Structure formats: structure tokens, C-alpha cells
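Working notes, structure below.
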Amino acid sequence: MSLKAFHLVFIVASILLAVGFAAWSVLNYYSPAGSASDLAIGVGSGVAAVALVCYERFFLKKFKNVSYL
């Protein structure tokens, strides 16, 4: 596996983790014991997921000529 392929797999895993954590944190906010910090952390994680998607698009454009092998 090339460094490019590993990088893409790692970024996709990071995006999925950030989205999952954002969903869990926002759902935790709506529970009876939820607090404002749960919502803030969830929104921050969602913003991080969007930033990672933008970074992956930038990475794919920059290294479009590099092989995946």
C-alpha cells in the first residue's frame, strides 16, 4: 500500500470517527443529563469533519498524478 493510499484510508477513518463522535455528543446533549458542553463538543467535532473533507479534496487534487500503488 502506497503512502497516498494509506493517507486516504487514514483521513476517511478520521472523518467517520469525527462524524460518529459528533452524533453521539449531540444525542447526549438531548438526554436528561446533557449539558451545553456536549453540544459545543458535538458542533466542534462536526466542524472538524467538514475540515477533514475539505483537506481530503485538496489532497486528491494535489496528488492526482501520484499512483495508488
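Every read-out reported here was derived from the displayed coordinates using simple, explicitly stated rules and does not represent laboratory data. These numbers were taken from a predicted model, which means no experiment stands behind them. With ideal geometry, Cβ positions are generated from the backbone for all residues, glycine too; neighbour counts draw on all protein chains shown.
Our estimate of slack between Tyr68 and Ala13, defined as 0.36 nm per intervening residue step minus the Cα-Cα distance, is 18.1 nm.
Summed over qualifying helices (DSSP H, 4 residues or more, each -39500 (n - 2.57)) and divided by its residue number, the chain shows a 222 nm mean residue ellipticity of -28000 deg cm²/dmol.
Comparing Ser37, Ser14, Ser25, which has the greatest mean-square fluctuation in the GNM of the chain with Cα pairs linked when under 10 Å apart? Comparing Ser37, Ser14, Ser25 in the GNM, the peak value goes to Ser37.
GNM on the chain, alpha-carbon springs under 10 angstrom: the most fluctuating residue among Ala40, Ala22, Ala49 is Ala40. The Rg/Rh ratio for the chain is 1.18, where Rg is the radius of gyration of the alpha carbons and Rh is the Kirkwood radius. Can you give the FRET efficiency to the nearest 0.05 for Leu60 and Ala23, using r as the Cβ-Cβ distance and R₀ = 25 Å? Rounded to the nearest 0.05, the efficiency is 0.50.
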